[in-house]
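Take a look at the structure set out below.
The values are calculated or read from the model by the stated rules, or taken from the named source; none is laboratory data. Predicted model only: the values in this text are computed from it and were never measured. Positions of Cβ are generated from backbone atoms using ideal geometry, with glycine treated the same way; all protein chains shown enter the neighbour counts.
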Amino acid sequence: MTKEELLKGTDLFLLDLDGTVYLSDTPIPGVKEALQGLRAMGKRLVYLTNNSSRTREEYVEKLTRLGLFGAEDDVYTSAHAAATYLGAHHAGEKAYVLATDAVKEELRAQGVRLTEESPDVCLLAYDTQLTFAKMKKFNEFLATGAAFIATHPDDVCPTDGVPMPDVGSFLALFERSSGRRPDVICGKPFTVMGACIAQKYRVPAARTCMVGDRMHTDIRFGNANGMRALLVLSGETTQTSMRNFPDKPDLVLASLAEIL
């Protein structure tokens with residue numbers, strides 16, 4: 001697929017964050033101008049991230065500070081997808097949630113009934129304020145039969161220096177301690193978030209493009225949800241490493257700056 005074909009056939013661009021539009025706190029060269037060009041063409045831009053440690057407002061603040069956020073843009077996280085899933089499949093049920101205090105409040109605002117005792121559902125988000133006491137309670141609730149939902153499967157979160165353990169690492173821990181695997185994982189590359197995106201933005205999957213730097217999350221998400229998939233080589237994946245995955249991008253660019 002050519003750039004021209006991808007642009008002509010896409011109304012909604014889903015943009016991964018780190019490695020795709022910025023690296024840590026530095027915008028990728030030329031991406032700001034590319035985003036402005038896409039907006040000028042009438043394209044809708046949604047920043048789509050698995051990282052459930054921050055709220056939408058926190059991401060908007062960072063993207064605005066870096067000059068990457070437009071007035072009509074949006075941010076959607078795996079925590080938003082989890083809240084939508086809980087509302088559809090566990091309406092009215094009580095949830096014990098491992099998440100930062102800010103994300104808990106965001107979930108509460110979306111209708112999730114938070115509890116500290118006898119939950120119907122356990123939700124594992126990316127809790128960077130995690131304590132052993134919180135992990136112990138979560139494990140006990142899993143062992144006694146609460147439904148098990150996770151926001152996303154990433155093993156590590158990319159940071160400067162050594163990557164930090166992410167939700168996928170804690171999923172392995174809870175599997176060993178409780179014998180439970182999650183009943184549902186909401187974020188990329190799974191279809192729960194794909195369905196949530198379709199419901200929220202009302203754009204057909206065939207006219208949606210996932211843009212990202214990771215084959216096993218971003219490109220697989222696009223493939224799994226019937227979307228176009230644009231791989232950028234400005235982050236994790238290289239021309240060599242992409243051959244190690246079964247996933248197939250429709251287009252590969254050095255960075256999003258090349259889209260126009």
Quiz item: What residue, among those in the stretch 85-114 that are within 15 Å of residue 149 (Cα to Cα) and surrounded by fewer than 15 Cβ atoms within 10 Å (Cβ to Cβ), is farthest from the chain's Cα centre (by Cα)?
Solution: 91
Quiz item: Would you pick out the residues in the stretch 168-185 that are outside any helix (DSSP H, G or I) and out of contact with any Leu (no Cβ under 9 Å at 6 or more places or on another chain)?
Solution: 183, 184
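Does the stretch 186-203 hold any residues that are outside any loop (DSSP other than H, G, I, E, B) and among the charged types (D, E, K, R), and which are they?
Keep residues of the stretch 186-203 that are outside any loop (DSSP other than H, G, I, E, B), which gives 191-201.
Once the filter is applied, which keeps residues that are outside any loop (DSSP other than H, G, I, E, B) and among the charged types (D, E, K, R), the stretch 186-203 yields only 200.
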Quiz item: Residues 243, 220: which one is of a type outside the set (Val, Ile, Thr), part of a helix (DSSP H, G or I) and more than 21 Å from residue 187 (Cβ to Cβ)?
Solution: 243
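Is the stretch 238-251 home to any residue that is more than 14 Å from the chain's Cα centre (by Cα), among the β-branched types (Val, Ile, Thr) and crowded, with 20+ Cβ neighbours inside 10 Å?
So in the stretch 238-251, the residues more than 14 Å from the chain's Cα centre (by Cα) come out as 238-251.
From the residues that got through so far, the ones that are among the β-branched types (Val, Ile, Thr) too are 238, 240.
Next, only the ones that are crowded, with 20+ Cβ neighbours inside 10 Å stay: none.
There is no residue in the stretch 238-251 that is more than 14 Å from the chain's Cα centre (by Cα), among the β-branched types (Val, Ile, Thr) and crowded, with 20+ Cβ neighbours inside 10 Å.
Checking the conditions here, which among 75, 31 is in contact (Cβ under 8 Å) with a residue 24 or more places away in the chain and either within 29 Å of residue 110 (Cα to Cα) or aromatic (Phe, Trp, Tyr) (or both)? Walk me through it before giving the result.
Details: 31 fails: either within 29 Å of residue 110 (Cα to Cα) or aromatic (Phe, Trp, Tyr) (or both).
Of the residues listed, the single one that is in contact (Cβ under 8 Å) with a residue 24 or more places away in the chain and either within 29 Å of residue 110 (Cα to Cα) or aromatic (Phe, Trp, Tyr) (or both) is 75.
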Quiz item: Among the numbered criteria (1) aliphatic (A, V, I, L, M); (2) surrounded by fewer than 16 Cβ atoms within 10 Å (Cβ to Cβ); (3) under 18 Å from the mean Cα position of the chain (by Cα), which single criterion is violated by residue 45?
Solution: (2)
Practice problem: Please determine, by comparing only the residues of the stretch 137-167 that are part of a loop (DSSP other than H, G, I, E, B) and hydrophobic (A, V, I, L, M, F, W, C), which one is modelled with the highest pLDDT. | Solution: 146
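Can you confirm whether residue 43 is out of contact with any Leu (no Cβ under 9 Å at 6 or more places or on another chain) and within 21 Å of residue 203 (Cα to Cα)?
No: the conditions fail for residue 43.
Yes or no: residue 126 under 30 Å from residue 35 (Cα atoms) and either modelled with pLDDT under 95 or not aliphatic (A, V, I, L, M) (or both)?
Working: under 30 Å from residue 35 (Cα atoms): yes; either modelled with pLDDT under 95 or not aliphatic (A, V, I, L, M) (or both): yes.
Yes.
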Self-check item: Which listed residue, of 226, 222, is crowded, with 17+ Cβ neighbours inside 10 Å and among the small types (Gly, Ala, Ser)
Solution: 222
Quiz item: Given the conditions (1) of a type outside the set (Lys, Arg); (2) within 18 Å of the chain's Cα centre (by Cα); (3) surrounded by fewer than 22 Cβ atoms within 10 Å (Cβ to Cβ); (4) more than 30 Å from residue 138 (Cα to Cα), which single one is not true for residue 76?
Solution: (4)
Quiz item: From the residues in the stretch 92-110 that are modelled with pLDDT of 95 or more and not in a helix (DSSP H, G or I), which one is farthest from residue 169 (Cα to Cα)?
Solution: 93
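Does the stretch 127-140 include one or more residues that are under 28 Å from residue 224 (Cα atoms) and surrounded by fewer than 17 Cβ atoms within 10 Å (Cβ to Cβ)?
The first filter runs over the stretch 127-140 and keeps only residues under 28 Å from residue 224 (Cα atoms), leaving 127.
If we keep only those that are surrounded by fewer than 17 Cβ atoms within 10 Å (Cβ to Cβ) too, we end up with none.
No: zero hits.
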Quiz prompt | Flag for residue 183 being surrounded by 15 or more Cβ atoms within 10 Å (Cβ to Cβ) and acidic (Asp, Glu) | solution = no
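Every residue, every condition in (1) free of Cβ contacts under 8 Å to residues at least 60 places away in the same chain; (2) of a type in the set (Ser, Thr, Tyr), yes or no:
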| position | (1), (2) |
| --- | --- |
| 49 | yes, yes |
| 53 | no, yes |
| 63 | yes, no |
| 66 | yes, no |
| 81 | no, no |
| 88 | yes, no |
| 117 | yes, no |
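Do we have residue 209 as touching a residue at least 24 places away in the same chain (Cβ under 8 Å), in the same structural domain as residue 16 (by TED's automatic domain parsing) and not in a strand (DSSP E or B) here? It would help to see each step written out before you state the result.
Numbers: touching a residue at least 24 places away in the same chain (Cβ under 8 Å): yes; in the same structural domain as residue 16 (by TED's automatic domain parsing): yes; not in a strand (DSSP E or B): no.
Answer is no for this residue.
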